[in-house]
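Report on the following structure.
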Amino acid sequence: MSLLRLIFNIAWFLMGGFVMGLAWWFVGVLCFISIIGIPFGRACFVIGELAFWPFGQETVNRKHISGQEDIGTGTLGLVGNVIWFLCFGIWLAIGHLAHALACFVTIIGIPFALQHLKLALLSLTPIGQTVIAKPTY
């Protein structure tokens, strides 16, 4: 199973994952310029790593893992997601949607297009989310 994930991740990296991972990291660097943006920047680097190698990983709400709300999963997280959406989220989502459309053109690209759609949704509201490894069965 892990060999298949490796093959998919390498193909993904070549079919848009590299470009979008760099986009996430670029936005992270922009966020680190201001002190207020540091939490956003940290999230960008975590999700950027996911954008480089998405197969075998998934995002979940931190509230479901810890069982309690924290600063990112409560009201401040909602405010942060609104600010994020207006500043950067919409642009990253458009990038992922453009890559998804390009991948949907071929049958082989459909799994990659679906991953781009998942990342497009994540790019709209990333605050309060965390990346975990998918369980293997």
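Quick note: the coordinates plus some simple rules give every number you see, no bench work behind them. Please read these numbers as outputs of a predicted model, since none were measured by experiment. Cβ coordinates were reconstructed from backbone atoms using ideal geometry, including for glycine residues, and neighbour counts include every protein chain displayed.
Set side by side, the residues Thr136, Thr106, Thr130 differ, and just one is within 22 Å of Trp12 (Cα to Cα), within 12 Å of the chain's Cα centre (by Cα) and among the β-branched types (Val, Ile, Thr), which is Thr130. Of the residues making up the range 7-28, at least one is touching a Gly at 6+ places or on another chain (Cβ under 7 Å) and farther than 18 Å from Lys118 by Cβ.
Do the conditions hold for Phe55, that is, is it in a helix (DSSP H, G or I), aromatic (Phe, Trp, Tyr) and either more than 16 Å from Gly17 (Cβ to Cβ) or in contact with a helix residue (DSSP H, G or I) (Cβ under 8 Å, 6 or more places away or on another chain) (or both)? No; evaluated as a whole, the condition is false for this residue.
Scanning the range 89-137 for residues that are of a type in the set (Gly, Ala, Ser) and not in a loop (DSSP other than H, G, I, E, B) gives Gly89, Ala93, Gly95, Ala98, Ala100, Ala102, Ala113, Ala120, Ser123, Ala133. Given the criteria out of contact with any Phe, Trp or Tyr (no Cβ under 9 Å at 6 or more places or on another chain) and of a type outside the set (Lys, Arg), does Ala120 qualify? For Ala120, the condition - out of contact with any Phe, Trp or Tyr (no Cβ under 9 Å at 6 or more places or on another chain) and of a type outside the set (Lys, Arg) - is met. Taking (1) under 17 Å from Ile110 (Cβ atoms); (2) not in a helix (DSSP H, G or I) in turn, Gly17 satisfies each apart from (2). Taking Ile71 as the residue in question, decide whether it is surrounded by fewer than 19 Cβ atoms within 10 Å (Cβ to Cβ) and outside any helix (DSSP H, G or I). Criteria met by Ile71. Looking at the structure I just gave you, is Phe52 under 22 Å from Lys134 (Cα atoms), surrounded by 15 or more Cβ atoms within 10 Å (Cβ to Cβ) and aromatic (Phe, Trp, Tyr)? Against the criterion (under 22 Å from Lys134 (Cα atoms), surrounded by 15 or more Cβ atoms within 10 Å (Cβ to Cβ) and aromatic (Phe, Trp, Tyr)), Phe52 qualifies.
Taking Gly28 as the residue in question, decide whether it is closer than 17 Å to Leu124 by Cα and in contact (Cβ under 8 Å) with a residue 24 or more places away in the chain. The answer is no for Gly28. Within the set Ile65, Ile35, the sole residue that is in a helix (DSSP H, G or I) and surrounded by fewer than 14 Cβ atoms within 10 Å (Cβ to Cβ) turns out to be Ile65.
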